[in-house]
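None of the figures in this text is laboratory data; all of them are computed from the coordinates on show. Quick caveat: nothing in here was measured; it's all calculated off a predicted structure. Note that each Cβ is placed from the backbone with ideal geometry, even for glycine, and that neighbours are counted across all protein chains shown.
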Amino acid sequence: MTPTSSAPFLTVTDLSVRYGAVEAVHGLSLEVERGSITVLLGANGAGKSSTLAALTGIAPAKGGLQFDGLSLTGMMPEEIVRHGIALCPEGRRVFPSLSVADNLHLGGAAHVKGDALAARIEAELDRFPILRERFHQRAGLLSGGEQQMLAIARALMSAPRLLLLDEPSLGLAPKVVDQVFDLVLSLRDQGITILLVEQNAERALDIANRGYVLQSGRLVLSGSGAELAGSDLIRQAYLAG
Ligand SMILES: Nc1ncnc2c1ncn2[C@@H]1O[C@H](COP(=O)(O)OP(=O)(O)O)[C@@H](O)[C@H]1O
Ligand SMILES: [Mg+2]
């Protein structure tokens, strides 16, 4: 199959994720257009992280996962990263006892070596000047916002074409939340396609090209960012008024 720019970049078809007796995702289908920001919304436990875990090969999944003309089904997580999908997990899991430098190094070392690795680290320090200031500090000593930037920078070290962001604004101060949303927009403008899981529905839909809403593992609503922002379900569940 030859990838074409008009075909959806990512197509999820009838995806189910099951952990023993718990079915976290049931029959989910969605599409992510190349160059877009696509938002996945839903209450706690709706199956958002499980969907991202299926896309990165770290959760047991059934169904179709097509990425840029390639089936991800049955691929190992490392192989999926190599094909250009990176996950920045929920709860910004940086290595707290390692330095910022080492965290970035670990994000890239499986993909590039030597000068190329150093160049990638340098590019992330240009993107996130605060990480340059903190370069030799232990990651655990950074503020929540700085740790989130480090977690995103680490995911970017694999030079992904599709970046999966799991609740990047959670628990951050309003000013830092602004920075996170600005960053998501600028990454999209640099050609990185974004699949964003967010609790902050209003902000997320404001920047989204398209959104999907999960309830108890099932898709209940989809549409453009503006359509969802105006829908009764979203207004009642997530937005004031
Ligand atoms: N590793 C796991 N083992 C068993 N159950 C899990 C696991 N991860 C998630 N779940 C369950 O799957 C459901 C969906 O969880 P999750 O995908 O984390 O939702 P969300 O990210 O939308 O909050 C929840 O009922 C959760 O308890
Ligand atoms: Mg989650």
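Among Ala46, Ala53, Ala59, which is free of Cβ contacts under 8 Å to residues at least 40 places away in the same chain and within 14 Å of ligand 1 (Cβ to nearest atom)?
On the way: Ala46 fails: free of Cβ contacts under 8 Å to residues at least 40 places away in the same chain; Ala59 fails: free of Cβ contacts under 8 Å to residues at least 40 places away in the same chain.
Only one candidate passes the filter, namely Ala53.
Return the residues of segment 11-43 that are within 13 Å of Leu65 (Cβ to Cβ) and within 8 Å of ligand 1 (Cβ to nearest atom); say none if nothing qualifies. Outline the logic, then answer.
Within segment 11-43, the first condition is being within 13 Å of Leu65 (Cβ to Cβ), and the residues that meet it are 11-17, 25, 28-32.
Residues satisfying the conditions are Val17, Val25.
Here's the yes/no breakdown for (1) under 19 Å from Thr193 (Cβ atoms); (2) within 13 Å of ligand 2 (Cβ to nearest atom):
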position	(1), (2)
Leu10	yes, no
Ala21	no, no
Thr38	yes, no
Thr51	yes, yes
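Between Pro168, Pro160, which is within 15 Å of ligand 2 (Cβ to nearest atom) and outside any helix (DSSP H, G or I)? One residue alone meets the criteria, Pro168. Out of all the residues in segment 141-154, is one or more of a type in the set (Lys, Arg) and within 26 Å of Leu55 (Cα to Cα)? The answer is yes, given that some residue of segment 141-154 is of a type in the set (Lys, Arg) and within 26 Å of Leu55 (Cα to Cα). Applying the set (1) closer than 22 Å to Gly45 by Cα; (2) assigned to a helix (DSSP H, G or I); (3) away from ligand 2 (no atom under 16 Å from the Cβ) to Gln179 leaves exactly one unmet item: (1).
If you go through segment 67-102, how many residues are part of a loop (DSSP other than H, G, I, E, B) and either within 16 Å of ligand 1 (Cβ to nearest atom) or without any contact (Cβ under 8 Å) to a residue 24 or more places away in the chain (or both)? Quick ask: steps written out before the conclusion?
Here is the first cut: in segment 67-102, the ones part of a loop (DSSP other than H, G, I, E, B) are 68-69, 72-76, 83-84, 89-98.
Still in the list and also either within 16 Å of ligand 1 (Cβ to nearest atom) or without any contact (Cβ under 8 Å) to a residue 24 or more places away in the chain (or both): 72-76, 83, 89-93.
The number of residues fulfilling the criteria is 11.
Determine whether Ile152 is touching a strand residue (DSSP E or B) at 6+ places or on another chain (Cβ under 9 Å), assigned to a helix (DSSP H, G or I) and surrounded by fewer than 21 Cβ atoms within 10 Å (Cβ to Cβ).
On the way: touching a strand residue (DSSP E or B) at 6+ places or on another chain (Cβ under 9 Å): yes; assigned to a helix (DSSP H, G or I): yes; surrounded by fewer than 21 Cβ atoms within 10 Å (Cβ to Cβ): no.
No: the conditions fail for Ile152.
Of all residues in segment 112-129 being basic (Lys, Arg) and in a helix (DSSP H, G or I), which is farthest from Arg154 (Cα to Cα)? For segment 112-129, the residue satisfying everything is Arg127.
Given the criterion part of a strand (DSSP E or B) and either more than 16 Å from ligand 2 (Cβ to nearest atom) or buried (at least 17 other Cβ atoms within 10 Å of the Cβ) (or both), identify the matching residue among Gly57, Gly64. When all the criteria are applied, what remains is Gly64. Residue pairs whose Cβ atoms lie under 8 Å apart, sitting 6 or more positions apart in sequence or on different chains, and linking a residue in segment 212-241 that is within 19 Å of Val25 (Cβ to Cβ) to a partner that is of a type in the set (Asp, Glu) and assigned to a strand (DSSP E or B), are Gly217/Glu23. Identify the single condition in (1) under 10 Å from the mean Cα position of the chain (by Cα); (2) free of Cβ contacts under 8 Å to residues at least 40 places away in the same chain that Leu163 does not satisfy, given that it satisfies every other one. It is condition (2) that Leu163 fails.
Of the residues making up segment 67-92, those that are charged (D, E, K, R), surrounded by fewer than 23 Cβ atoms within 10 Å (Cβ to Cβ) and in contact with a Gly (Cβ under 9 Å, 6 or more places away or on another chain) are Asp68, Glu78, Glu79.
Looking at segment 231-238, can you tell me whether even one residue there is hydrophobic (A, V, I, L, M, F, W, C), surrounded by 17 or more Cβ atoms within 10 Å (Cβ to Cβ) and within 16 Å of ligand 2 (Cβ to nearest atom)? The answer is no, given that none of the residues of segment 231-238 is hydrophobic (A, V, I, L, M, F, W, C), surrounded by 17 or more Cβ atoms within 10 Å (Cβ to Cβ) and within 16 Å of ligand 2 (Cβ to nearest atom).
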